[in-house]
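Derivation of every value follows stated rules applied to the coordinates shown; laboratory data play no part. This is a predicted model, so every value here is computed, not measured. Note that we place each Cβ from the backbone using ideal geometry, even for glycine, and neighbour counts take in every protein chain shown.
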Amino acid sequence: MGDKVEKEIKGHLEVLVGEIGPRATGSSNNFKAIEYIENELVGTGFSVARQEFDCINWTPGKARLIIQGKEVLVRGADYTLPCKIEGKITCIENLRQLEEGNLDGEIAFLWGEIASEPLMPKNFPFWNPPEHKKIISLLEEKRPKGVLFSSCSEESLVPLIEDGDFSIPCGVVPPGEESFILEKKGKVAQLEIEATRSPAWGANLIARTEGSLPKIALTAHLDTKPFTPGALDNAVGIATLLTLGKLLMSKKPGVQVELVALNGEDYFSNPGEVIYFKENLLQTGKYRFGINVDGIGYKEGETGVSFFEFPSDLKDKIRAVKKGFPDIVEINPWPQGDHMLFVLKGIPALALTSTEVFGILNKIIHTSEDGIDLIDFKKVSSVVAFLFGLISKL
Ligand SMILES: [Zn+2]
């Protein structure tokens, strides 16, 4: 594929990451990204439709907790309501304590066992374990004025709750501050979190060539978490989609392809994914397979590809094409990401990412560190060539 493709991929990243930056669903930057991608696709000759949905635009501000005159470092959880409250600190370590505790008017601090893994947002449609729902509903029933939680990770700040539908202001406490709060249980504290939630909208972009119904869907999400420029996650996926789209248009393959820029993979309730699933995958339902690109091109490691629900003849065909690309290796399936939309409907899905991204999740990915300098454009160009080769041979 060579230099021209690499240059084109880089150009898209410079706009999405360098000029636009964080692209949280519902934010003004997200609209800028929608417009950029839409213009690029239309310019290439696709007919493009917006698939719109309602969401919120959440903006963060400062947060502080003061206990007996001492300020403790906290951060408002993404999508939290704002607050300026005073209440007694009540520490909750497990479900039994939550069930038995009286939290009315207090500031609940969840730590230890009960705060060990992030809870699914209460209206998350695809997967939502009853244990998670139980914790959320108990908190909402017991009406503490605010909820704080220790980070779910020792290495980075991972909030227990990130949910724009959760009705109690909440914030996350860095690992180093946990013991101080535990010492102060029963004491009165002041918690102030600045944030706004305002009604907004967002859209997926669906690009098709004219003609019959699409057989192959190629997806990449365009949104980011609120604070990250999102180069690996996932400007690089959008750049792949746009660059591949242009190649496909110039060579006119024999198969109908639908390019989908999804909007909501990193937003709490996945609104773009939900509407695409309902309106396209459930209804049209004639897809041969889906391809999802997210987090490819990391400078460390290789490109990983994984097969979900493929019949063996089609899998063999794809593996034969992959042989020409030794820098793309087969890895074990992983159950998070937009490829699962296809899997849920029983449509075969091919998922592409970098073999080393799993280790940098929440350390680099989802943080301000996720910049263009992490990307090896040769690797991205190789994925474009692989997908182009694959689609051309169908
Ligand atoms: Zn992603």
Cα-based shape type of the chain, given that a ≥ b ≥ c are square roots of the gyration tensor eigenvalues and the cut on a/c is 1.5: prolate
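Does region 104-180 classify as rounded, prolate or oblate by the C-alpha gyration tensor (a ≥ b ≥ c root eigenvalues; a/c under 1.5 gives rounded; else a/b over b/c gives prolate, otherwise oblate)?
Details: a/c = 1.94, a/b = 1.21, b/c = 1.60.
Oblate.
With the cut-off at 1.5 for a/c, could you classify region 1-125 from its C-alpha gyration tensor as rounded, prolate or oblate? Before the final figure, lay out each step's value.
Numbers: a/c = 2.85, a/b = 2.52, b/c = 1.13.
Verdict is prolate for region 1-125.
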Estimated [θ] at 222 nm from DSSP helical runs (n ≥ 4, -39500 (n - 2.57)) normalised by residues in the chain, nearest 500: -8500 deg cm²/dmol
Kyte-Doolittle mean at least -1.0, axial Cα span of 20 Å or more - DSSP H helices of the chain: 28-44, 236-251, 377-392
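Once the other residues with Cβ under 13 Å from the Cβ of ARG143 are scored (Lys, Arg +1; Asp, Glu -1), what is the net sum? All intermediate terms of the calculation are to be shown ahead of the outcome.
Details: positive: LYS142, LYS145; negative: ASP104, GLU106, GLU140, GLU141.
Around ARG143, the charge tally is -2.
Hey, got a sec? Which GluC sites (Glu not before Pro) in region 286-342 land in a DSSP loop and have at most 13 other Cβ atoms within 10 Å? Walk me through the numbers before you get to the answer.
Details: sites: GLU300, GLU302, GLU309, GLU330; in loops: GLU300, GLU302, GLU309.
Those that pass, being in a loop and sparsely packed, are GLU300.
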Separation between Cα centres of region 46-99 and region 263-286, rounded to whole Å: 26
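How big is the dipole moment of the chain about its Cα centre under a simple scheme where the beta carbon of each Lys and Arg is +1, that of each Asp and Glu is -1, and everything else is neutral? Debye, nearest 20, please. Walk me through the numbers on the way to the answer.
Values: 43 positive and 55 negative charges, 198 e Å.
The calculation lands at about 940 debye.
Would you please give the FRET efficiency between GLN190 and GLU155, computed as 1/(1 + (r/R0)^6) with r the Cβ-Cβ distance and R0 = 25 Å, to the nearest 0.05?
Numbers: r = 29 Å, r/R0 = 1.16.
Once the sixth-power term is evaluated, E becomes 0.30.
Among the listed pairs LYS323/LYS379; LYS88/LYS133; LYS317/LYS363; LYS252/LYS317; LYS4/LYS393, which are separated by more than 27 Å between their Cα atoms? Spell out each step's value before the answer.
Working: LYS323/LYS379 15 Å; LYS88/LYS133 25 Å; LYS317/LYS363 37 Å; LYS252/LYS317 20 Å; LYS4/LYS393 23 Å.
Pairs exceeding 27 Å: LYS317/LYS363.
Averaging sequence separations of C-alpha pairs under 8 Å and six or more residues apart, then dividing by the length of the chain, give the relative contact order as a whole percent. Don't skip to the answer; put the middle values down first.
Values: 893 pairs, mean separation 85.5, N = 394.
With pairs under 8 Å counted, the relative contact order is 22 percent.
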Antiparallel content of DSSP bridges confined to the chain, in %, to 5: 60
